[in-house]
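Read through the structure below, which is laid out as structure tokens, and then see the notes.
The values are calculated or read from the model by the stated rules, or taken from the named source; none is laboratory data. Given the structure is predicted, the values throughout are model-derived calculations rather than measurements. Because the Cβ atoms are built from the backbone with ideal geometry, glycine has one as well, and the counts that use them run over all protein chains shown. Side chains included, ligands, DNA and RNA excluded: accessible areas come from the protein's heavy atoms. Shrake-Rupley method; radii C 1.70, N 1.55, O 1.52, S 1.80 Å.
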Amino acid sequence: MNNVALKIQALKVGYGARTVLEGINLSVARGEWFALLGPNGSGKTTLLRAIAGQLIPASGTVLIGGHSIQEVPEQAKRLLGFAHPPERLPALLSGRQCLEVYAAAHELAEIGMPVLALAERFRLTSALDCAVETYSLGMRQKLCALLALVNDPALIILDEAFNGLDPASALILKQELAIRVASERCAVVLATHALDIVLGHATRAALLLEGELIRAWSAPELSALRAGAPNALEVALADAAATAAA
Amino acid sequence: MKQTGNPLLRAIWFEWSTHLQGAGRSRARAWSLLVLLALAIVLALFALTAFWPVLLPIAEPNITAITMVVALSLSVWTHWHRVRWTEFYLSGWVSTLPVSRRTQHGVVAVRSFALSAFLFILLLVAVPMLARASPSAAAVTKRLLVTCAVAVFVGSLLGWWLPRRTPPSAAVPRSPVIGPPATGRASLGALAQWGTLQTQRWFKPRIISRLVAPAVLILPMGISANLALAVLGLWVISLYLLIMLRASVHVARSCAQWLQPTPIRPARLAWALGWLPLLKQLVWTLAAVLLLVALGVRPLIAARLAEGWLAIASLVSTLVLAQARGLRHLRLRALFSFGLLAVLERWRAQWVIPAALLISIWQLRSNPKARV
């Protein structure tokens, strides 16, 4: 089994003539929870969309489990679990129909029990037969997370997936992801502004600024920050940004 | 600096200039698009003058039917846009701006009547051009176009004043499940229903039924009831077919983006999404053919119209799917596809449907090289 869930080499992505990401190199192994940090507009979502094959890069490669998302997208996407932004969900279908479609798209026979069990823990089961358009933001986020886990993926991509979730559901999702990561079934890549999640769960982190990864923190460095002052990570982020600006 | 003027109109202006300037914020792009649009309108008018002597003998005996269709279409358009923009200005991002209800109402009117005003002016501009194209029938041309202009005016006013039963802000989305019951088994079955649901959402039978009543009242005296029913039926079916195609386009784009991170094959996705809407298109196109024949159109011509429509519907749907998957040179592909269909329609009409299906398969099998 290939232990490297995600490998990005010399990635360059843009919208039209505007380059948003350049020179991105990154490797995330199964059993790692990678937090992607950065101010608004720094290119976090663009990077995640490029990983998921939603944006085709100008140059560079993205390998998921050793399969190139550009060259062999079907093999790469079999290993991918991508949580869409909530507004991308089909408003007129029910939550259960969304899960059925996603399971079928991954060529599964049925919606897996772990996903239904997680829906139950989210207290979403009773709402699964209602149209998505009636869901609140938090309920949509839960459905997006469930869809990302439907195929028991080797790489889970989450973009601000905890926004709008109530504390209990956020805790359940963090626990679920932590179990999957700890058992080395998958790697998690999470773009977030929630530093408590980074300190509490991430095994590695990196700061993306103006389209470049300017600073990375390894597991021991994150442990040191956890043990330090309460705002140690904030200070570290500010320092890294100031150094890059200088 | 203090900004003066109507903030809602300024917002519309910014919105339009952003659309025209595109992602690169290029003024040159905006101007070139506007010039292209004006050129396209002028070319379309000139093309119309070339075909006018052929079209006029077909249109002349059906002035009443054409007027009705124009009036009904504009009333539906204006009514839907009034509902849509009223909802937007009551709950959208500009709803909290300190502007009076009167100003809001005015902006809703501007947006709802924009198309009618454009068509009205276009018809009046076309009168002298088309009258010159066919001098022997100048009087009939003027009568037809002026009647259409009046129909545009009356139809849009009718649509504007059509009452709403509930204020838009009170509208609550439906909560029960839609389509076939979910079983928990992996299935793409819900995708086939999505297009139908979207059509139902946009093609509101309540509005149509309320429009049909005044439409019956504006029918001229002496017209046969069968003819009136056939015209109204044809109008409703045409509207349904158009909205279904629009819904298919909307759903194809949303669904392709939603399922993009999954390994689903494009052909499988296209079949899952398209079989039911295409079947409905086929059934209702056949119904339209029967009504056309009842109205006196020769069966062969009605069949060719139906064939052309079905070819366009299948091509448009697959082009949108291809676009959502990031295929490049899409405009060229569309131009080639529709150009080929136009040529076939002229020389080998019986090949139009097979050709449309083959081109659709070609669109779906192409691999994306770069995202637009």
Which one is farthest from residue B:148 (Cα to Cα) among residues in the stretch B:86-105 that are at pLDDT 85 or above and open to solvent by less than 30 Å² (accessible area, probe 1.4 Å)?
B:89
I need a count of the residues in the stretch B:246-265 that are within 11 Å of chain A (Cβ to nearest Cβ), in contact with a Leu (Cβ under 9 Å, 6 or more places away or on another chain) and in a helix (DSSP H, G or I).
5
Here's a check for you: in the stretch A:107-142, which residue that is open to solvent by less than 20 Å² (accessible area, probe 1.4 Å) and within 12 Å of another protein chain (Cβ to nearest Cβ) is nearest to the chain's Cα centre (by Cα)?
A:115
Options B:69, B:83, B:54, B:76: the member that is open to solvent by 60 Å² or more (accessible area, probe 1.4 Å) and in a helix (DSSP H, G or I):
B:54
If you take the residues in the stretch B:227-273 that are over 29 Å from residue A:144 (Cα atoms) and among the hydroxyl-bearing types (Ser, Thr, Tyr), which one is surrounded by the most Cβ atoms within 10 Å (Cβ to Cβ)?
B:240
Which of the residues spanning the stretch B:128-146 are crowded, with 17+ Cβ neighbours inside 10 Å and among the hydroxyl-bearing types (Ser, Thr, Tyr)?
B:134, B:141
Condition check for residue A:128: in contact (Cβ under 8 Å) with a residue 24 or more places away in the chain and touching a strand residue (DSSP E or B) at 6+ places or on another chain (Cβ under 8 Å):
yes
Of the residues in the stretch B:112-133, those that are out of contact with any Gly (no Cβ under 9 Å at 6 or more places or on another chain), of a type outside the set (Val, Ile, Thr) and touching a residue at least 40 places away in the same chain (Cβ under 8 Å) come to B:113, B:115, B:119, B:122, B:126, B:129, B:130, B:132, B:133
Filter the stretch A:49-100 for residues that are part of a loop (DSSP other than H, G, I, E, B) and in contact (Cβ under 8 Å) with a residue 60 or more places away in the chain; the one that is farthest from residue B:202 (Cα to Cα) is A:66
Might you let me know whether the stretch A:179-191 holds any residue that is without any contact (Cβ under 8 Å) to a residue 24 or more places away in the chain, of a type in the set (A, V, I, L, M, F, W, C), touching a Lys or Arg at 6+ places or on another chain (Cβ under 7 Å) and farther than 23 Å from residue B:260 by Cβ?
no
Only one of (1) open to solvent by less than 90 Å² (accessible area, probe 1.4 Å); (2) farther than 30 Å from residue B:295 by Cβ does not apply to residue B:19, and that is (1)
Name the helices (runs of 4 or more DSSP H) wholly inside the stretch A:184-246 in which the number of residues that are acidic (Asp, Glu) is 2 or more.
A:232-245
Those residues of the stretch B:334-362 that are open to solvent by less than 40 Å² (accessible area, probe 1.4 Å) and either within 14 Å of chain A (Cβ to nearest Cβ) or modelled with pLDDT of 70 or more (or both) come to a total of 10
Restricting attention to the stretch B:22-44, which residues are open to solvent by less than 80 Å² (accessible area, probe 1.4 Å), out of contact with any helix residue (DSSP H, G or I) (no Cβ under 6 Å at 6 or more places or on another chain) and not in a loop (DSSP other than H, G, I, E, B)?
B:28, B:32, B:34, B:38, B:40, B:41, B:42, B:44
With out of contact with any strand residue (DSSP E or B) (no Cβ under 7 Å at 6 or more places or on another chain), surrounded by fewer than 18 Cβ atoms within 10 Å (Cβ to Cβ), at pLDDT 85 or above and in a helix (DSSP H, G or I) as the only criterion, which of B:125, B:108, B:152 stands out?
B:125
Name every residue in the stretch B:287-311 that is part of a helix (DSSP H, G or I), farther than 13 Å from residue B:233 by Cβ and either in contact (Cβ under 8 Å) with a residue 40 or more places away in the chain or open to solvent by 70 Å² or more (accessible area, probe 1.4 Å) (or both), in order of residue number.
B:299, B:300, B:301, B:304, B:305, B:307, B:308, B:309, B:310, B:311
Exclusive hit being under 30 Å from residue A:14 (Cβ atoms), open to solvent by 40 Å² or more (accessible area, probe 1.4 Å) and over 15 Å from the mean Cα position of the chain (by Cα), set A:226, A:215:
A:215
